[in-house]
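Q: Please find one structure pasted underneath; my questions will follow.
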Amino acid sequence: MTSLARSPLLLLGLAGAFALGGSVALWSSTDEPEAVRSPAAAPAPAVTGPTASAGKPVRLAMSAAFVSESGVGIYAQLASYLTRKTGIQTEFVSGLAYGTINSMLEEGTVHCGFICGLPYVLLHDNPQPAAQLIAAPIMKAARYQGQPKYFSDLIVRKDSPFQSLHDLKGRTYVYNDELSNSGYNLPRYRMLQLGLTKGFFGKVLRSGSHEESIRMVAAGEADASFVDSLVLDYDREKGLGHAQEVRVIESAGPAGICPLVASSKMPAELRDKLQHVLVTMHEDPEGRKLLDEALLDRFSLVEDSNYDDIRSMKEAAEKAGFTVIR
């Protein structure tokens, strides 16, 4: 979702959203997170047992998500919920590129994160895996069929004449991030399937986020973009952003949905406590309310094989020598 550090104005806006609950970590130029704690909505219950690294907080990062930037405050509320239910202080981190979050997970600078399926595959498939699955969201909408899957939706302006990917030859295409599955890996594979690998687009632009890609298409700054179906769903349902100004002409997928992963450096006991709270939160009235706000049915345990589709698409593009969308 968010793939570049935002402007100071947007970061201030996000900080305001985070005040909804939970703790926030915004990043300084030194790449060391400076925690900015918001007052908790209610004091955490007294909990016996271990805390993160002898009292240090767990840092929960987000680079890809099940809501759009407009709903990013939901993650702060989730961090606050995890703090109350586990007794482990949880801080929320956002505003960083996909690759930066991956590096932080490898280093253990952040303990866990909601990341895109492609970055998860890259972390997990290292000779020494740097990330482990904690859970994955299951969306409410019927198109997801109760599975930990999602789609990449090809959008154009509502009033444009384009009806298929083939119609976009020579046009301007925008994507969010090279490490995005829905914004790059899935579209690249779709183009490979159709034989559109020889400089198909007239111009290719990088936006930095799905939300910015949607805005650019709506504004006529680009003709089309493949965007995360979860982001588009959320903004359409909530009437936010520019989602109402574009239409979907085709969808690619399904593919493994963006999971919550743990750094390999995160203690297993902490990982297991967070996992238990997440996969049972649909049974808790407070948790159910938060899930409903995010258009989620529940969080579920998920196997690594759920991301084999992402692996196979990536490998097919590499084998064909089609690694860059043109």
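Q: How would the stretch 115-272 be classified by its alpha-carbon gyration tensor: rounded, prolate or oblate, with rounded meaning a/c under 1.5 and the a/b versus b/c comparison settling the rest? Numbers along the way, then the final one.
A: Values: a/c = 2.22, a/b = 1.63, b/c = 1.36.
Taking the square roots of the gyration eigenvalues as a ≥ b ≥ c, the stretch 115-272 is prolate.
Q: In addition: Please say if the stretch 160-229 is rounded, prolate or oblate, where rounded means a/c under 1.5 for a ≥ b ≥ c the square roots of the C-alpha gyration tensor eigenvalues, and otherwise the choice is prolate for a/b larger than b/c and oblate otherwise?
A: Numbers: a/c = 1.68, a/b = 1.13, b/c = 1.49.
It comes out oblate by the Cα gyration axes.
Q: In percent, what relative contact order does the stretch 204-326 have, based on Cα pairs under 8 Å that are 6 or more apart in sequence?
A: On the way: 62 pairs, mean separation 25.9, N = 123.
Relative contact order for the stretch 204-326 comes out at 21 percent.
Q: Work through the residues other than ARG157 whose Cβ is under 12 Å from its Cβ and net out their charges, Lys, Arg +1 and Asp, Glu -1.
A: Working: positive: LYS158, ARG171, ARG215, ARG247; negative: ASP159, GLU221, ASP223, GLU245.
Summing Lys and Arg as +1 and Asp and Glu as -1 gives 0.
Q: Decide, for the stretch 239-326, between rounded, prolate and oblate: order the square roots of the alpha carbon gyration tensor eigenvalues as a ≥ b ≥ c, take rounded if a/c falls under 1.5, and otherwise choose prolate if a/b is larger than b/c, else oblate.
A: Working: a/c = 2.79, a/b = 1.29, b/c = 2.16.
Oblate, because a/c is 1.5 or more while a/b does not exceed b/c.
Q: Given a cut-off of under 8 Å on Cα pairs at least six residues apart, what relative contact order in percent is computed for the stretch 88-161? Before the final figure, lay out each step's value.
A: Numbers: 36 pairs, mean separation 12.1, N = 74.
Across the stretch 88-161, relative contact order equals 16 percent.
Q: Which of the lysines could be linked to LYS169 by a straight reach, that is with a Cα gap under 28 Å, when you skip same-chain ones fewer than 8 residues away?
A: Reachable lysines: LYS158, LYS198, LYS203, LYS314, LYS319.
Q: Oh, and also: Between beta-carbons, use under 10 Å as the cut-off and find the net charge around LEU240, counting Lys and Arg +1, Asp and Glu -1.
A: Working: positive: ARG236, LYS238; negative: GLU69, GLU211, ASP235, GLU237.
Every neighbour counted, the sum reads -2.
Q: Which of the aspartates and glutamates could a cross-linker span from LYS289 if the Cα-Cα distance has to be under 20 Å and same-chain partners fewer than 8 positions apart are dropped?
A: GLU69, ASP233, ASP235, GLU237, ASP297
Q: So, in Å, what gap is there between the alpha-carbon centers of the stretch 220-277 and the stretch 116-179?
A: With the stretch 220-277 and the stretch 116-179 each reduced to a Cα centre, they are spaced 8 Å.
FYI, it's all coordinate maths here, none of it is from the lab. Everything numeric here is computed off the predicted structure, so don't read it as measured data. For neighbour counting, all protein chains shown are included, and Cβ atoms are generated from backbone atoms with ideal geometry for every residue, glycine included.
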